[in-house]
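The values are calculated or read from the model by the stated rules, or taken from the named source; none is laboratory data. Note that the structure is a prediction, hence the values are computed from the model and not measured. No Cβ is skipped: glycine too gets one built from the backbone with ideal geometry, and neighbour counts run over all protein chains shown. Just the protein is used for accessible areas: all its heavy atoms, side chains included, with ligands, DNA and RNA removed. Shrake-Rupley method; radii C 1.70, N 1.55, O 1.52, S 1.80 Å.
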Amino acid sequence: MTLDVRSAVLRSALALALALISVSCVFASPGAHYQQGLQAVSQGDWDTARKEFDAAKDYLDARQRALEAQQKSSTVSTSYERAIKAINEEDWGTAYSHLDIVVKLSPGYKDAAQKVSQAQQRLAETREAALHLAL
């Protein structure tokens, strides 16, 4: 074979391999979706977990896990919104409480880890200021 023919065959083989990978991703088995859901749960990615468990349909306890993931996703987003409101109002205790929920359920959610540190710092400053006033 000439170099041009060989490279054309290789390009065709690569295109076919990529197409097969794409098809296998689209038509993943319920078990594969379930496993992806479990992986998302371990990372605290509740939206992805819900989608994967929904795609797993009736596989094992996927329906129940999808419902639980939806509830946790809702808790995370609601707690985050309440924390942001509390931060804007400089209510650091409330902000910390809500951010603590977010970080425990979904450690990588938006900038919650940074904001919980900020709330802790502000609470510590507030306590220190209160101690100086009491003296």
Need one number: nm distance between label points at residue 123 and residue 29, each 7 Å from Cα along Cα→Cβ, rounded to one decimal. 4.7
Can you tell me the dipole magnitude for segment 23-135 around its Cα centre, using point charges on the Cβ only (Lys, Arg +1; Asp, Glu -1), in Debye to the nearest 20? 180
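Hey, what did segment 53-119 get for relative contact order, percent, Cα under 8 Å, at least 6 apart?
Working: 56 pairs, mean separation 16.3, N = 67.
Relative contact order for segment 53-119 comes out at 24 percent.
What net charge do the residues around residue 102 carry, taking every other residue with its C-beta under 12 Å from that of residue 102, with Lys and Arg at +1 and Asp and Glu at -1?
+2
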Residues of segment 53-135: accessible area per residue with a 1.4 Å probe, Å²: 66
Go through segment 85-92 residue by residue and turn each phi into a ³J(HN,Hα) via Karplus (6.51, -1.76, 1.60, θ = phi - 60°); whole Hz please, and just put x for glycine and proline. 4, 5, 4, 4, 8, 6, 9, 5
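Give the carbon-plus-sulfur fraction of the accessible surface of the chain in %, rounded to a whole number; probe 1.4 Å, heavy atoms of protein chains only.
Details: 5270 of 9240 Å².
With neighbouring chains kept in place, the figure for the chain is 57 percent.
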Answer with one residue from 106, 96, 121: the one whose Cα lies farthest towards the positive end of the charge dipole of segment 92-135, charges on Cβ with Lys, Arg +1 and Asp, Glu -1. 106
Say the dipole of the chain comes from +1 at the beta carbon of Lys and Arg and -1 at that of Asp and Glu; which of 43, 76, 7 then lies farthest toward its positive end? 7
What distance in nm lies between label points placed 7 Å from Cα along the C-beta direction at residue 38 and residue 58? 2.1
